[in-house]
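Below is one structure, written out as structure tokens; the observations come after it.
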Amino acid sequence: MKIRAVALNTFKEAIRDRILYLLLFFAAVSFILSRLLSLLTVGDKTKIIIDAGLSSLSIFGVLMAILMGTGLVYKEIDKKTVYTLLSKPISRNQFILGKFLGLIITLFIMLLVMTAIFFIIILLHSGTISWKLFVSLGFVFLELCLITSVALLFSCFSTPILSSIFSLSFYLIGHLSWGLETLIKKMSPGITKILTQVAYTLLPDLENFNFKTEVVHNLPIQPEMFLFSFFYGITYTFFILMLAMLVFRKRDFI
Amino acid sequence: MPKANALEIKNLHKSFKSGFLGKKIKVLKGISLDVKKGEIFGYLGPNGAGKTTTLKCILGLLFPDKGTINIFGYGHLSTQSKQKTGFLPENPYFYDYLTASEFLNFYSKLFHKQKTQNPDALLNLVGLKDNSTTQLRKFSKGMLQRIALAQALLNDPELVLLDEPLGGLDPIGRKEIRDIILDLKQKGKTVFLSSHILQDIEMICDRVAILVNGSLVNQGRLDELVSQEILFTEITVSKIDRRELEKFGKTLTHYGNKSLMQIYDQDKVDEILQFIKEKKGEVHSLIPRTQTLEDIFVGMVKQK
């Protein structure tokens with residue numbers, strides 16, 4: 001009940017944020033551009049629309065998560081609304097969970113709107129939508145949940161600008177860390193290989209949520225890959241959320 | 001726990017790290033005080049004395065370095081103590097996109113199963129009945145102070161913590177809030193009021209504690225702290241040449257044919273009254289000035 005109240009209020013706040021609509025507008029423009037891009041391409045035009053569309057959806061979703069998530073807790077502390085809120089019988093953990101869920105609801109709705117526009121464009125072009133597209137979109141949402149928890153964690157102790165830089169770095173590292181996996185395979189055994197392996201384990205691998213290739217080229221989705229990615233996302237998000245709660249629970253509101 | 005005090009603070013210490021090297025600044029240096037049930041307790045201190053820091057420690061917004069805080073016998077971080085407490089912050093700021101009514105409804109949900117007061121009745125109490133559908137961004141400073149008081153009373157708290165509740169209010173607003181505080185006492189509630197507006201504290205508080213530089217320099221009942229002895233008498237006289245009055249005391253101001261005199265010697269007061277009568281002068285006012293809380297407060301701050 002308390003978490004729901006905070007989540008609902010966060011949703012009310014987030015939905016009023018103009019930046020959300022600006023990003024939504026650019027996302028819609030990029031979907032239309034993907035349609036135009038397909039006209040210039042030789043080969044299967046639907047593949048281009050789906051590939052570019054899914055990328056835009058993911059990027060704009062992440063931007064929404066970072067730009068709003070990083071201000072979530074910071075604004076409450078900066079504007080001192082947290083003083084009266086936490087003087088009520090609500091725990092700091094409930095507050096963080098409420099904030100997280102509020103933004104997740106907002107992102108879910110934004111993702112639905114973006115998906116609706118995306119699907120209309122696909123339907124106008126090819127007339128059918130593959131079920132794999134839903135799987136891919138589900139993992140985009142899971143990635144957004146993880147990015148939101150990261151933004152929320154940084155928001156607990158840092159300013160929105162720094163938090164945005166940190167969160168964006170997390171996103172970029174997360175999409176580039178798969179290179180380490182390839183590197184490890186080619187390395188000879190030794191301390192460097194062990195250190196690289198440790199780095200790979202600690203760094204996020206957000207490519208686990210990327211099912212674009214399977215959707216675009218209509219490749220089979222392996223159940224074990226699906227399950228691994230799902231549990232990876234849930235566990236990582238849970239871990240980061242726990243960390244955010246720990247940081248928030250210890251901090252003084254000067 | 002019926003015998004427990006409304007608020008018990010024992011040996012409260014709090015310091016903050018400052019600067020690049022993390023130099024420790026001690027803000028609270030061993031505060032101990034008890035607030036009894038049903039009283040209005042004034043927590044006085046100049047700016048930067050540590051009043052708000054104490055309140056933040058009570059509310060669990062700051063973690064003390066040392067010391068204990070109990071509210072009605074419960075630890076200050078427990079749900080039981082929070083259910084019995086209401087807090088009005090200094091310079092309150094709330095979610096400006098919510099209307100007054102939405103805001104109170106949101107906060108009332110944070111009490112979950114605990115019964116809360118009707119938001120409309122609270123808005124009526126603080127004089128915001130006609131603004132229930134107005135967004136908080138359109139509220140003036142005084143209106144924000146009122147809505148802040150309304151949210152502090154949502155759970156019908158046994159202990160109300162008020163940080164500078166009369167700041168930013170016009171004289172009528174101050175009187176109204178004072179009346180609400182007195183009404184809370186009538187209903188058996190305990191009020192802990194932090195302020196540096198001594199006049200208000202003197203008017204409504206049963207007991208006070210004076211905080212200077214993070215230490216309590218005095219605490220007790222107001223009538224025990226403030227002596228009833230007359231310090232001097234102020235008298236306004238007309239129709240007599242002021243040079244003739246100077247032998248009785250100091251002339252503070254002279255306007256028109258009126259002179260405002262300050263007389264320290266009580267015998268001289270009788271003499272001047274006799275003199276005025278003989279010279280057919282007029283007495284417009286005669287005010288004996290006893291010691292005020294301000295005198296005590298200024299004296300202690302200077303001493304510290």
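The values are calculated or read from the model by the stated rules, or taken from the named source; none is laboratory data. Nothing here was measured: the structure is a model prediction, and the numbers come from that model. In this analysis, Cβ positions are derived from the backbone assuming ideal geometry, glycine residues included, and neighbour counts consider all displayed protein chains. Surface areas here come from the heavy atoms of the whole protein model, side chains and all, with no ligands, DNA or RNA. Shrake-Rupley method; radii C 1.70, N 1.55, O 1.52, S 1.80 Å.
Using 1/(1 + (r/R0)^6) with R0 = 45 angstrom and r between the beta carbons of A:Ile19 and B:Thr253, what's the FRET efficiency to the nearest 0.05? The computed FRET efficiency comes out at 0.15.
Per the Debye formula on identical point scatterers at the alpha carbon atoms of the range A:25-71, with no solvent, log10 I(q)/I(0) at q = 0.13, 0.16, 0.23 Å⁻¹ is -0.34, -0.46, -0.74. Specify whether the C-alpha gyration tensor of chain A places it in the rounded, prolate or oblate class, a ≥ b ≥ c being the square roots of the eigenvalues: rounded for a/c under 1.5, otherwise prolate if a/b is larger than b/c and oblate if not. It comes out oblate by the Cα gyration axes.
Inverting the pair-averaged 1/r between distinct Cα atoms of the range B:33-133 gives 16.1 Å as its Kirkwood hydrodynamic radius.
When exposed loop sites are taken as chymotrypsin sites (Phe, Trp or Tyr not before Pro) in a DSSP loop with at most 16 other Cβ atoms within 10 Å, the longest stretch of chain A clear of them is A:1-156.
Accessible surface computed residue by residue for the range B:7-223, with neighbouring protein chains in place and a 1.4 Å probe, gives 42 Å² per residue.
Averaged over the residues of B:87-95, the number of partner chain Cβ atoms lying within 10 Å of the residue Cβ comes to 4. The mean number of partner chain beta-carbon atoms within 10 angstrom of a residue's beta-carbon across peptide A:6-18 is 2. If the Kirkwood radius is taken over C-alpha pairs of the range B:116-246, then at 25 °C and 0.890 mPa s the Stokes-Einstein diffusion coefficient equals 139 µm²/s. Other residues with beta-carbon under 11 Å from the beta-carbon of A:Glu76 carry, at +1 per Lys or Arg and -1 per Asp or Glu, a net charge of +2.
For the range B:153-178 and the range B:1-71, what is the separation of their C-alpha centers, rounded to whole Å? The range B:153-178 and the range B:1-71 have Cα centres separated by 20 Å. Distant-in-sequence amide contacts of B:Lys84, defined by a placed amide H-H separation under 5 Å and a gap of 5 or more residues or a different chain, comprise nothing. Partners of A:Lys45 within straight-line reach, counting aspartates and glutamates whose Cα lies under 18 Å from its Cα and excluding those fewer than 8 residues away in the same chain: A:Glu214. Of the chymotrypsin sites (Phe, Trp or Tyr not before Pro) found in the range B:207-291, not one falls in a DSSP loop while having at most 11 other beta-carbon atoms within 10 Å.
Residues in chain A average 48 Å² of solvent-accessible surface per residue, probe 1.4 Å, ligands and nucleic acids excluded. Restricting the trypsin sites (Lys or Arg not before Pro) of the range A:55-149 to loop positions (DSSP other than H, G, I, E, B) with no more than 13 neighbouring Cβ atoms within 10 Å leaves A:Lys79.
One chain, two ends: B:Lys29 and B:Ser140. Fully extended at 0.36 nm per residue, the span grows by 36.3 nm beyond their Cα-Cα distance.
Checking the a/c ratio against 1.5 first, then a/b against b/c, what shape does the Cα gyration tensor give for the range B:230-291? In terms of gyration-tensor shape, prolate. Among A:Thr201, A:Thr159, B:Thr251, B:Thr236, the sequence by solvent-accessible area, most first, with a 1.4 Å probe is A:Thr201, A:Thr159, B:Thr251, B:Thr236.
Working note: Debye formula, equal point scatterers on the alpha-carbon atoms of the range B:164-304, no solvent; log10 I(q)/I(0) at q = 0.11, 0.14, 0.22 Å⁻¹ is -0.61, -0.83, -1.20. Only lysines eight or more places from B:Lys277 in sequence, or on another chain, were considered; those with a Cα closer than 20 Å are B:Lys239, B:Lys247, B:Lys250, B:Lys258, B:Lys268. Each other residue within a Cβ distance under 14 Å of B:Gly30 adds +1 if Lys or Arg and -1 if Asp or Glu, for a net charge of +4. Across chain B, the longest piece that holds none of the GluC sites (Glu not before Pro) lying in DSSP loops with up to 13 other C-beta atoms within 10 Å covers B:1-228.
Heavy-atom accessible area with a 1.4 Å probe sorts B:Arg137, B:Arg146, largest first, into B:Arg137, B:Arg146.
Going down the list A:Lys12/B:Lys141; B:Lys29/B:Lys113; A:Lys75/B:Lys185; B:Lys37/B:Lys129, which pairs span over 28 Å between their C-alpha atoms? From the list (A:Lys12/B:Lys141; B:Lys29/B:Lys113; A:Lys75/B:Lys185; B:Lys37/B:Lys129), the Cα-Cα distance tops 28 Å for B:Lys29/B:Lys113; A:Lys75/B:Lys185; B:Lys37/B:Lys129. If you line up the long axis of helix A:18-39 against the longest principal axis of chain A, both from Cα atoms, how many degrees apart are they, to the nearest 10? Its long axis makes an angle of about 10 degrees. In order along the range A:225-231, the Karplus-derived 3J(HN,Hα) couplings, from 6.51 cos²θ - 1.76 cosθ + 1.60 at θ = phi - 60°, round to 5, 4, 5, 4, 4, 5, 5 Hz, and Gly and Pro are given as x. Counting pairs of Cα atoms in the range A:171-238, how many percent are more than 21 Å apart? Of the Cα pairs, 36 percent sit more than 21 Å apart. Given a 1.4 Å probe and no ligands, DNA or RNA in the count, how much accessible surface is buried by A and B, both sides, to the nearest 100 Å²? Adding both sides of the contact gives about 2700 Å². For the range A:136-192, the carbon plus sulfur part of the accessible surface works out to 79%, probe radius 1.4 Å. Carbon-plus-sulfur accessible fraction, the range A:1-127 (probe radius 1.4 Å, protein heavy atoms only): 72%. Mean per-residue shielding of peptide B:105-118 is 4, counting Cβ atoms of other chains within 10 Å of each Cβ. In the range B:7-223, the portion of solvent-accessible area held by carbon and sulfur atoms comes to 48 percent [1.4 Å probe, whole percent, DNA, RNA and ligands not counted]. Quick check: Cα centre of the range A:83-99 to Cα centre of the range A:29-58, how many Å? Cα centroid of the range A:83-99 versus Cα centroid of the range A:29-58: 44 Å apart. In the structure shown, the pairs A:Lys250/B:Lys109; B:Lys14/B:Lys302; A:Lys80/B:Lys24; A:Lys99/B:Lys24; B:Lys189/B:Lys302; A:Lys88/B:Lys187 are assessed against 27 Å; a Cα-Cα span above that value is assigned to A:Lys99/B:Lys24; B:Lys189/B:Lys302.
Remark: the range B:262-275, residue by residue, has Karplus-estimated 3J(HN,Hα) of 10, 10, 8, 8, 4, 5, 5, 5, 4, 5, 5, 5, 4, 4 Hz, where x stands for each Gly or Pro and the curve is 6.51 cos²θ - 1.76 cosθ + 1.60 at θ = phi - 60°.
Compute log10 of I(q)/I(0) for the range A:11-152 with the Debye formula, placing one identical point scatterer on every Cα and leaving out solvent, at q = 0.15, 0.16, 0.17 Å⁻¹, to two decimals. Results for the range A:11-152 at q = 0.15, 0.16, 0.17 Å⁻¹ read -0.75, -0.82, -0.90.
When both bridge partners sit in the protein assembly as shown, DSSP labels roughly 70% of those beta bridges antiparallel.
Taking the DSSP beta bridges with both ends in chain B, the antiparallel portion is around 70 percent. For chain B, the Cα-based Rg and Dmax, in that order, read 24.0, 76 Å.
Compactness of the protein assembly as shown is given as radius of gyration and Dmax, 32.9, 119 Å, from Cα positions. Say we join alpha carbon atoms closer than 10 Å with springs in a Gaussian network model of chain B; which of B:Gly127, B:Gly45, B:Gly249 then has the biggest fluctuation? Residue with maximal mean-square fluctuation among B:Gly127, B:Gly45, B:Gly249: B:Gly249. Of the trypsin sites (Lys or Arg not before Pro) found in the range B:166-205, those that fall in a DSSP loop while having at most 16 other beta-carbon atoms within 10 Å are B:Lys187.
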